[in-house]
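Asks: Attaching a single structure in structure tokens format; questions to follow.
The values are calculated or read from the model by the stated rules, or taken from the named source; none is laboratory data. A quick note: this is a predicted structure, and the numbers were derived from the prediction, not measured. As a convention, Cβ positions derive from the backbone with ideal geometry for all residues, glycine included, and neighbour counts pool all protein chains shown. Please note that ligands, DNA and RNA were not included when accessible areas were found on the heavy atoms of the full protein model with its side chains. Shrake-Rupley method; radii C 1.70, N 1.55, O 1.52, S 1.80 Å.
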Amino acid sequence: DSGTFLGLGTVTGSVAIHIAFSLQRLYYVKEAHGIVVTDVAFVPESRPGRELLGGHEAALLSVAVDSRCKLHLLPTRRSLPVWLLLLLCAGLIVATILLLQLAFPGFL
């Protein structure tokens, strides 16, 4: 719905979710259906859709030839905050300078 993810259904009944711009696979269920997947659709990002998502990043509905519908939930990915990453980089630089100062007195 937002263009962030790409949902795929295969002839063998497998279902996958990829990141749209890099095609990195985030979710895959081999033979989620016993037969050909005929349609996949993401749950819209409307108010009822967000209630269905709960704490998940995305939800994909898949339908197969046998008329079964399955819901696939993509867990929220964890990431580091930018401020923490910058703090770690600054700490690494300071530690490197201190180690160089210990290894080579008079370095600075």
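Asks: Does at least one position in the range 72-89 carry a residue that is open to solvent by less than 70 Å² (accessible area, probe 1.4 Å) and of a type in the set (Val, Ile, Thr)? Break it down into steps so the answer makes sense when it comes.
Replies: Here is the first cut: in the range 72-89, the residues open to solvent by less than 70 Å² (accessible area, probe 1.4 Å) are 72-74, 81, 84, 89.
Then drop every residue that is not of a type in the set (Val, Ile, Thr), which leaves none.
The answer is no; no qualifying residue exists.
Asks: State all residues of the range 1-15 that are touching a Gly at 6+ places or on another chain (Cβ under 7 Å) and either over 12 Å from Leu74 (Cβ atoms) or open to solvent by 70 Å² or more (accessible area, probe 1.4 Å) (or both); if no residue qualifies, say none. Lay out the reasoning, then the answer.
Replies: Taking the range 1-15 first, the residues touching a Gly at 6+ places or on another chain (Cβ under 7 Å) are 13, 15.
Correct list: Gly13 only.
Asks: Being closer than 20 Å to Gly3 by Cβ and among the hydrophobic types (A, V, I, L, M, F, W, C) is the requirement here; does Val43 meet it? Don't jump to the end; show me each part of the working.
Replies: Values: closer than 20 Å to Gly3 by Cβ: yes; among the hydrophobic types (A, V, I, L, M, F, W, C): yes.
Taking the combined requirement at face value, the residue satisfies it.
Asks: Among the listed residues His18, His56, which satisfies the condition of being within 17 Å of Ser2 (Cα to Cα), in contact (Cβ under 8 Å) with a residue 12 or more places away in the chain, open to solvent by less than 80 Å² (accessible area, probe 1.4 Å) and in contact with a Lys or Arg (Cβ under 9 Å, 6 or more places away or on another chain)? Step through it out loud before you land on a result.
Replies: Working: His56 fails: in contact with a Lys or Arg (Cβ under 9 Å, 6 or more places away or on another chain).
Answer to the selection: His18.
Asks: Looking only at the range 50-83, count how many residues are in the same structural domain as Val11 (by the TED database) and assigned to a helix (DSSP H, G or I).
Replies: Number of matching residues: 4.
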